[in-house]
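The values are calculated or read from the model by the stated rules, or taken from the named source; none is laboratory data. Quick caveat, the model's predicted, so the values are computed rather than measured. Note that each Cβ is placed from the backbone with ideal geometry, even for glycine, and that neighbours are counted across all protein chains shown.
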Amino acid sequence: MNNYNNYPVISIDEIIRPTHLVIDLNVLRENFKRIKEHVYPAKVMPILKANAYGHGLVRIAQLMQELKADYIGVAVLEEGILLRENGITLPILVLGGIWGNQIPIFLKHNLTITASSIEKLNQVDEIANQMNVKAKVHLKIDTGMERIGVHYYNAKKFLDAAVNMKNIIVEGIYSHFANSEKADLSYTRLQLERFQEVINYAEKIFVEKPLYHISNSGAILQMPEANFDMVRPGIMLYGVYPSSETKKTVEVKPALTWKSIVIYFKVIKPNHPVGYGSTWQTDHNVRAVTVPVGYGDGYMRSMSHKAEVIIRGKRYPVVGTISMDQIVVNIENDSAYNGDEVILIGSNGNSKITVEELAEWAGTIPYEILTNINTRVPRVYVE
Ligand SMILES: *Cc1c(COP(=O)(O)O)cnc(C)c1O
């Protein structure tokens, strides 16, 4: 078993660090299949940026290759290179902007470039010419996000320039939605109209028709008319919905469980505060356990005084501030033993703790909870 984080995992029972993630590949397979069926005949580009939303970039890419995904999307060049070095041969689009002298490295690794201005397109054309290769690019159109891309109202010039470049293959034209997870889809519709106009023009000038794509998870779930040739599911692939407002038109399930163990048991006497800053104390004797996880793993400190965990099928509160490497859990009069399983995200019996709950405790969105679980936490894959 290899977890790609340089942690020597022997087996799931003998894992060296008790705090670890268990990722169920069958759940991911099923989620992928459901998305694919839902958007058919559109192609699917699973989004694997930020360590595959915390699930482990290389292993998830291998799974996507096994499932014959059409494309893979990552955010930065280094993620693309890592995949090439690990035998991923699917087309890979790097979604972020390009800078400095990255272009030759893109071309060397056969990674698809996001071109977000005429100037950058010119640079790509020139370097591809020098290297005697054809550069694959997707043209990025800004329809209302104001991040990167050529504004929809300037897109004609951009497309005209791209058509005439000898060393460039325009494999795709894409944009990105800013609000597709919302119940109110008016801005998303406006973005869609703007994108459609750009496509109408592209249809007239490109001989080889590029792939048009704009839909992230929110749009896949709520706006099927925006599927075009390909969709780019991120968070929903991992079984998490982009927000509580989003319609759940595809049923997906979380693939990840975050576990640890009880490493210490004690009784806390009245008026003996717990943790840094002494922010919590009890007025009666309570039983408490210590669990070796903290904000140094991505168990966010902002969840202090709100977070709960599951031990022996029951939820208990985390007390005191969350430390870098440890938390304390108040189990009142119940019993727990060293080595007992502690669930931070996941379910046991009738108790369940979701990524959404952690996000609420931390005052953030599920995306940030997932991408914050860092590489100190070994990933274990089961099927
Ligand atoms: C992150 C990202 C996605 C996936 O978004 P989800 O909301 O996770 O589905 C799609 N496209 C682009 C350009 C992205 O940056």
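So that you can scan it fast, the table gives a plain yes or no per residue for (1) touching a strand residue (DSSP E or B) at 6+ places or on another chain (Cβ under 6 Å); (2) at positive phi; (3) not hydrophobic (A, V, I, L, M, F, W, C):
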{"site": "GLU203", "(1), (2), (3)": "no, no, yes"}
{"site": "VAL207", "(1), (2), (3)": "no, no, no"}
{"site": "GLY218", "(1), (2), (3)": "no, no, yes"}
{"site": "ARG232", "(1), (2), (3)": "yes, no, yes"}
{"site": "TYR264", "(1), (2), (3)": "yes, no, yes"}
{"site": "LYS269", "(1), (2), (3)": "no, no, yes"}
{"site": "THR279", "(1), (2), (3)": "no, no, yes"}
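Look through the range 6-31, keep the residues that are in a loop (DSSP other than H, G, I, E, B) and buried (at least 18 other Cβ atoms within 10 Å of the Cβ), and return whichever of them is modelled with the highest pLDDT. Break it down stepwise before answering.
The first filter runs over the range 6-31 and keeps only residues in a loop (DSSP other than H, G, I, E, B), leaving 6-19.
After this cut, where a residue has to be buried (at least 18 other Cβ atoms within 10 Å of the Cβ) as well, the list is 9, 15, 19.
Values: VAL9: 50, ILE15: 59, THR19: 96.
Among those that are in a loop (DSSP other than H, G, I, E, B) and buried (at least 18 other Cβ atoms within 10 Å of the Cβ), it is THR19.
Give the residue that is surrounded by the most Cβ atoms within 10 Å (Cβ to Cβ), with candidates limited to residues of the range 285-306 that are small (Gly, Ala, Ser) and assigned to a helix (DSSP H, G or I).
Narrowing the range 285-306 to residues small (Gly, Ala, Ser): 288, 294, 296, 298, 302, 304.
Checking the rest, the ones that are also assigned to a helix (DSSP H, G or I) come to 296, 302.
Details: GLY296: 15, SER302: 13.
Filtering the range 285-306 for residues that are small (Gly, Ala, Ser) and assigned to a helix (DSSP H, G or I), the one surrounded by the most Cβ atoms within 10 Å (Cβ to Cβ) comes out as GLY296.
Looking at the range 190-284, what strands (runs of 3 or more DSSP E) fall wholly within it and have at least 3 residues that are away from the ligand (no atom under 16 Å from the Cβ)? If you could, list the steps in order and put the result at the bottom.
Values: elements: 211-215, 256-261, 264-268.
Per the criteria, 256-261, 264-268.
In this structure, is LEU95 within 27 Å of GLN130 (Cα to Cα), within 14 Å of the ligand (Cβ to nearest atom) and either assigned by TED's automatic domain parsing to the domain that holds LEU221 or of a type outside the set (A, V, I, L, M) (or both)?
Working: within 27 Å of GLN130 (Cα to Cα): yes; within 14 Å of the ligand (Cβ to nearest atom): yes; either assigned by TED's automatic domain parsing to the domain that holds LEU221 or of a type outside the set (A, V, I, L, M) (or both): yes.
Spelling it out, LEU95 is indeed within 27 Å of GLN130 (Cα to Cα), within 14 Å of the ligand (Cβ to nearest atom) and either assigned by TED's automatic domain parsing to the domain that holds LEU221 or of a type outside the set (A, V, I, L, M) (or both).
Residue-by-condition table, conditions (1) under 30 Å from GLY294 (Cβ atoms); (2) crowded, with 22+ Cβ neighbours inside 10 Å; (3) touching a strand residue (DSSP E or B) at 6+ places or on another chain (Cβ under 7 Å); (4) of a type in the set (Gly, Ala, Ser):
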{"site": "LYS33", "(1), (2), (3), (4)": "no, no, no, no"}
{"site": "PRO46", "(1), (2), (3), (4)": "no, yes, yes, no"}
{"site": "VAL74", "(1), (2), (3), (4)": "yes, yes, yes, no"}
{"site": "PRO104", "(1), (2), (3), (4)": "no, no, no, no"}
{"site": "LYS108", "(1), (2), (3), (4)": "no, no, no, no"}
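For the range 249-258, check the following and say yes or no: at least one residue is surrounded by fewer than 19 Cβ atoms within 10 Å (Cβ to Cβ) and closer than 18 Å to ASN372 by Cβ. Walk me through it before giving the result.
Quick first cut of the range 249-258, residues surrounded by fewer than 19 Cβ atoms within 10 Å (Cβ to Cβ) only: 249-251, 253.
The next check asks that each one be closer than 18 Å to ASN372 by Cβ; those that pass are none.
No, the range 249-258 has no match at all.
Which residue, of ASN271, ASN227, is assigned by TED's automatic domain parsing to the domain that holds LEU344 and either surrounded by 18 or more Cβ atoms within 10 Å (Cβ to Cβ) or free of Cβ contacts under 8 Å to residues at least 40 places away in the same chain (or both)?
On the way: ASN227 fails: assigned by TED's automatic domain parsing to the domain that holds LEU344.
Checking each option against the conditions leaves just ASN271.
Tell me yes or no: at least one residue of the range 282-291 is at negative phi and under 29 Å from the mean Cα position of the chain (by Cα). Reasoning before the result, please.
Pass one, the range 282-291, residues at negative phi: 282-291.
Narrowing further to those that are under 29 Å from the mean Cα position of the chain (by Cα): 291.
Yes; the residues of the range 282-291 include at least one that is at negative phi and under 29 Å from the mean Cα position of the chain (by Cα).
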